[in-house]
1. Once phi is turned into θ = phi - 60°, what whole-Hz ³J(HN,Hα) does the Karplus curve with 6.51, -1.76 and 1.60 give for every residue of segment 28-45, x standing for Gly and Pro?
2. Work out, step by step, the length gained on full extension between Phe76 and Ala45: first 0.36 nm times the residue separation, then minus their alpha carbon distance; give nm to one decimal.
3. Near Phe79, within a Cβ-to-Cβ distance under 12 Å, what is the net charge of the other residues, with Lys and Arg +1 and Asp and Glu -1?
4. Residue separation times 0.36 nm, minus the C-alpha to C-alpha distance between Ile17 and Ser56: what's the value?
5. How would you order 50-60, 23-33, 76-86 from highest to lowest mean count of nearby Cβ atoms within 10 Å?
Amino acid sequence: MEVEKRKIEIEKKDNDIIYSKAIKAGKRIYYLDVKKSRNEDLFLAITESKKKVVGSEDDVQVTYEKHKIFLYKEDFDKFVEGLQDVVSFIKNEQGEAPQREVKEYREKDTIVVEESENVESKETTPIEEVKPKSFFDKFKF
């Protein structure tokens with residue numbers, strides 16, 4: 001019994017996320033999770049999650065297709081160098097990607113960010129600067 005509990009604790013520790021960043025990009029969400037290996041080294045787990053809707057209006061099934069990549073610290077420099085090279089090539093061939101319109105609003109103490117594609121550049125307020133609106137904001141004093 002103790003051995004099984006210990007194995008579960010070790011497995012749980014292996015899956016603990018130290019730091020995480022979610023990037024919404026259209027119908028996909030990219031999760032960048034920093035995790036700790038068994039030998040205490042940190043590594044990056046990149047997960048792409050794509051929402052799949054199957055069926056008709058009466059019988060809709062929603063699933064999420066996920067793909068993972070594990071990137072270890074000894075490969076960071078080569079990976080970033082390769083990524084920058086490929087991104088530069090694409091930008092040189094096709095130009096910059098159109099900017100997305102970002103709408104931010106508060107919903108029950110949570111900042112919600114909505115994006116829409118192919119919109120000309122607009123000035124947005126960083127999340128840190130979004131202030132909750134009070135009842136008195138609509139009045140000018």
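Every read-out reported here was derived from the displayed coordinates using simple, explicitly stated rules and does not represent laboratory data. The structure displayed is predicted, hence computed values, not measured ones. Note: ideal-geometry Cβ built from the backbone for every residue, glycine included; neighbour counts use all protein chains shown.
1. Once θ is set to phi - 60°, the couplings for segment 28-45 become 10, 10, 9, 10, 10, 10, 8, 10, 10, 7, 4, 8, 6, 7, 8, 9, 10, 10 Hz.
2. On the way: separation 31, 0.36 × 31 = 11.16 nm, distance 1.20 nm.
Stretched out fully, the Phe76 to Ala45 stretch lengthens by 10.0 nm.
3. Numbers: positive: Lys73, Lys78; negative: Glu74, Asp75, Asp77, Glu81, Asp85.
Net charge in that neighbourhood comes out at -3.
4. Details: separation 39, 0.36 × 39 = 14.04 nm, distance 3.70 nm.
Between Ile17 and Ser56, full extension yields an extra 10.3 nm.
5. So the peptides 50-60, 23-33, 76-86, ranked by packing, come out 23-33, 76-86, 50-60.
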